[in-house]
Amino acid sequence: MKELIDLFLVFCRIGGFTFGGGYAMLPIIQKEIVEERKWATNEEVMDYYAIGQCTPGIIAVNTATFIGYKRKGIIGGIAATLGVVFPSLIIITIIATFFEHFQDYPIVQNALGGIRVAVVALITSTIVKMWKQSIKNWIGIAFFIFSFLLITFTDLSPVIMIIIGGITGTIINLNKSKKVDAK
């Protein structure tokens, strides 16, 4: 029971103190889950991000669900999911109630502008960490550039690019293991 409460509270804190959506939560999830709690490895969290991106829903909620499930099964997944969603539900309800009255105030506009800049920094930090853990050779760099250009300059769905990435990674790794087996 204690670990279920811990799951809820950790993800409640992550959800309550992270502004800017799921991607802004990723560095905090990385620090809290991998570095401090050691509930998952860097590789596992990267896999959860990838799967969370491919599945319907919000990446932070999906990632919380995977981590909770890993720790305590279905009930752990529910506890972590409720934890990450609960603060947002409360905060959004409060903001929705009062935002219309305050949205045009210069202090509110300035605060939101500052939050947006901080969120970009958090997302950039996550990208750098993911780059270091994911891009290991020239094939990875080439596929990154190819994917980035395709997604940025065409209307190709990111889902299609993720599927292509999964197929490409599988083919490359199958070829590597065949070469190792042949030696």
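I need the Debye-formula profile for region 16-68: one equal scatterer per C-alpha, no solvent, reported as log10 I(q)/I(0) at q = 0.20 1/Å, two decimals.
Cα-only, vacuum Debye calculation for region 16-68: -0.62.
Taking all protein chains together and a probe of 1.4 Å, list MET1, MET130 from the most accessible to the least accessible.
Order by accessible area, largest first: MET1, MET130.
Could you order THR126, THR170 by accessible surface area, starting with the largest, using a probe radius of 1.4 Å?
Most to least solvent-accessible, the answer reads THR170, THR126.
When each pair of different Cα atoms in the chain is counted once in the 1/r mean, what is the Kirkwood radius in angstroms, to one decimal?
Averaging 1/r across every pair of different Cα atoms and inverting gives 18.5 Å.
From a point 7 Å beyond the Cα of SER134 in the direction of its Cβ, which residues of region 55-74 have a backbone N at a distance under 20 Å?
Under cut-off, by backbone N: 55-67.
Could you order ARG116, ARG37 so the one with the most accessible surface comes first? Probe is 1.4 Å.
Accessible-area ranking of ARG116, ARG37, largest first: ARG116, ARG37.
Take the chain, mark every one of the chymotrypsin sites (Phe, Trp or Tyr not before Pro) that falls in a DSSP loop and has at most 15 other Cβ within 10 Å, then report the longest stretch left between them, sites excluded.
The segment 20-183 is the longest one with no such site.
Dimensions of region 13-105 along principal axes (Cα, Å, largest first)?
Computed over region 13-105, the largest-to-smallest principal extents equal 44, 26, 24 Å.
Calculate the dipole size of the chain relative to its Cα centre from +1 charges on Lys and Arg beta carbons and -1 charges on Asp and Glu beta carbons; express the result in debye to the nearest 20.
For the chain, the charge dipole is close to 760 debye.
Enter the Cα centre distance for the pair region 90-153 and region 1-80, rounded to the nearest angstrom.
18
The values are calculated or read from the model by the stated rules, or taken from the named source; none is laboratory data. These numbers were taken from a predicted model, which means no experiment stands behind them. Every residue, glycine as well, gets a Cβ built from its backbone with ideal geometry; the counts of neighbours run over all protein chains shown. Protein only, heavy atoms only, side chains kept; ligands, DNA and RNA dropped before computing areas. Shrake-Rupley method; radii C 1.70, N 1.55, O 1.52, S 1.80 Å.
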